[in-house]
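No value in this document is a laboratory result; all are computed from the given coordinates. This is a predicted model, so every value here is computed, not measured. In this analysis, Cβ positions are derived from the backbone assuming ideal geometry, glycine residues included, and neighbour counts consider all displayed protein chains.
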Amino acid sequence: MPNVCKESEGAHVVLATSWDPEHPPEALVDGEEGTFWSTTGMYPQEIVITFPAATRVTTLETKSACIKNIVIQKSSNQSPAGWDDLTSTELTHSEGHVQLEDHKIDPCIIRHIRIIIKSGYEPFVALYSIVMEGTPIES
């Protein structure tokens, strides 16, 4: 199954609480290995990604740096509202290494995803990628 959380699959960022011109929110879905979204201080920080259609998602993986607490929520509504928690995780401090987290989720239908970074080990954190394997169920 493809990673539906990529620009090439139609995913796009509709909201982000911080923006850095060197590491913008759109870098999270661009599919490039070396890019990332960087927060610009203060917590919580959040980013919302919308898919072109409701999608049945079976896996969820994040690649990040310096994130301590992360909450990931889903919405299956037409507009990004009515959020339900998918997972809430305290990540291990990686001491300068990338945090690769396979979040255990039940298969579900998602139209929008909201990632909330509640706290970090440093003043700034990076989110390199969200990998969500899934299949669109409508066009």
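Worth pointing out:
- Mean-position separation - Cα centroids, the stretch 1-68 and the stretch 88-121, in angstrom: 11
- Dipole in debye (nearest 20) - the stretch 33-139, about Cα centre, beta carbon charges: Lys, Arg +1; Asp, Glu -1: 240
- Burial order of peptide ranges 62-70, 16-24 (average beta-carbon count within 10 Å, highest first): 62-70, 16-24
- Mean Cβ neighbour count within 10 Å, used as a protection proxy, ranking 129-137, 106-114, 77-85 highest first: 129-137, 106-114, 77-85
- Remark: relative contact order (the chain) = 36 percent; criterion is Cα-Cα distance under 8 angstrom and separation of 6 or more residues.
- Remark on the stretch 3-139: hydrodynamic radius 14.7 angstrom, per the Kirkwood mean of 1/r across alpha carbon pairs.
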